[in-house]
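*Asks:* Starting off with a structure, shown below.
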Amino acid sequence: MQNSLTNLQVVLKSRPLGVPQAEHFELVRSPIGEPSSGQVLIQVAFVSVDPAMRGWVNAAANYAQPVAIGAVMKSFAVGRVVKSRHPKWHEGDLVTGLFGWQEWALVDAEVIDRKLDPDMLGNLPLSAALGVLGLNGVTAYFGLLEIGQPRPGQTVVISSGAGAVGSCVGQIAKIAGCRTVGIAGGPAKVALMREQFGFDVALDYKSPNFVDELRRACPEGVHVYFDNTAGSISDAVTSQLATRGRVVICGTVAHTEWSPPPIGPRIERQLLVTRSRMEGFIAPDYQHRWEEAYKCLSKWLLDGRIKVVEEVLEG
């Protein structure tokens, strides 16, 4: 980021229905300001763009208050403390938090999630703190290990397996000794799941034979399904649940709107017959244990047991 007298910010201009578009946002310039008591000024290095943000700007009910019209777009970010009027934070500290889409963040100290440990980061880029060592990583870690409770030898199926969360879930499942089946759309993503992320089986949900291919990939049924999509993909996977299967509800990207809610196959009978469990969660449920996840994920990253593909846009 270039130091300047003003702060470049992306604010929410209007409330989208479904997937946000560029016209729902605008760029504004505003004074940077000086921190008052208890505040910190952060020069932002990287901001994240996560699927959860769609829910943050939509008017539909969500687990968080929607971003207000005219407010800076909320997002996780990583940056360096430039000025501080709080005893816990000092000039030069590398920190993460919900700083939003802006070059400079003048925030109350409570907004800062954590100070980055250089040893934990190792030779990884600073942007890793927004990916596997950020919200995506802790989502994968707790969703799979706490909700999914995989056991060695079991089959774990992940929808959106080439995505930021799904790719991490698949690799953690391999570390846990499981057999992994990833689902994504198109040959490029299928190749990425197989070659980069090490899935045992990589399936294209766009294939006309997808349901049969899924059945053949899971001859003993699906023990854990990490659901990032909902919709027809999940209809196909849940029909293959093994006895005492676990379904982890993490995301619903297959649907752009939930008012009215989409109607699909009923799952109650399948859950009953297989005595399976379906549970939703969000990563902040485990925020008191995030440090545990960071340590494990960092070790796996530095050991090469988890591989990461980042897309970084400049400007």
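*Asks:* Met53 versus (1) open to solvent by less than 30 Å² (accessible area, probe 1.4 Å); (2) at pLDDT 90 or above: which is the lone unmet condition?
*Replies:* Met53 satisfies all of (1) open to solvent by less than 30 Å² (accessible area, probe 1.4 Å); (2) at pLDDT 90 or above except (2).
*Asks:* Looking at (1) assigned to a loop (DSSP other than H, G, I, E, B); (2) without any contact (Cβ under 8 Å) to a residue 24 or more places away in the chain, find the lone condition where Gly55 falls short.
*Replies:* Here Gly55 clears every test but (1).
*Asks:* Exactly one of (1) under 27 Å from Pro260 (Cα atoms); (2) open to solvent by 50 Å² or more (accessible area, probe 1.4 Å); (3) of a type outside the set (Phe, Trp, Tyr) is unmet by Met73. Its number?
*Replies:* (2)
*Asks:* Considering every residue within segment 292-306, establish whether at least one is at positive phi, open to solvent by 70 Å² or more (accessible area, probe 1.4 Å) and not polar (S, T, N, Q).
*Replies:* no
*Asks:* Also, quick follow-up: Of all the helices (runs of 4 or more DSSP H) wholly in segment 214-315, which have at least 3 residues that are closer than 23 Å to Val132 by Cα and in contact (Cβ under 8 Å) with a residue 40 or more places away in the chain?
*Replies:* 290-302
*Asks:* Taking the residues in segment 272-291 that are open to solvent by less than 40 Å² (accessible area, probe 1.4 Å) and of a type in the set (Gly, Ala, Ser) as candidates, determine which candidate is nearest to Met120 (Cα to Cα).
*Replies:* Restricting to residues being open to solvent by less than 40 Å² (accessible area, probe 1.4 Å) and of a type in the set (Gly, Ala, Ser), the top hit is Ala283.
*Asks:* Please report, ordered by residue number, the strands (runs of 3 or more DSSP E) entirely within segment 82-196 with at least 1 residues that are open to solvent by 30 Å² or more (accessible area, probe 1.4 Å).
*Replies:* Answer list for segment 82-196: 94-97, 104-108, 112-115, 179-184.
*Asks:* Residues in segment 235-271 that are open to solvent by 70 Å² or more (accessible area, probe 1.4 Å), of a type in the set (D, E, K, R) and modelled with pLDDT of 75 or more: how many?
*Replies:* The number of residues fulfilling the criteria is 4.
*Asks:* Next up: Looking only at segment 2-34, how many residues end up being part of a strand (DSSP E or B) and surrounded by fewer than 13 Cβ atoms within 10 Å (Cβ to Cβ)?
*Replies:* Here the count works out to 4.
The values are calculated or read from the model by the stated rules, or taken from the named source; none is laboratory data. No experiment lies behind these values; they were computed from the predicted model shown. All Cβ positions, glycine included, derive from the backbone under ideal geometry; neighbour counts span all protein chains shown. Note: areas computed on protein heavy atoms with side chains; ligands, DNA, RNA excluded. Shrake-Rupley method; radii C 1.70, N 1.55, O 1.52, S 1.80 Å.
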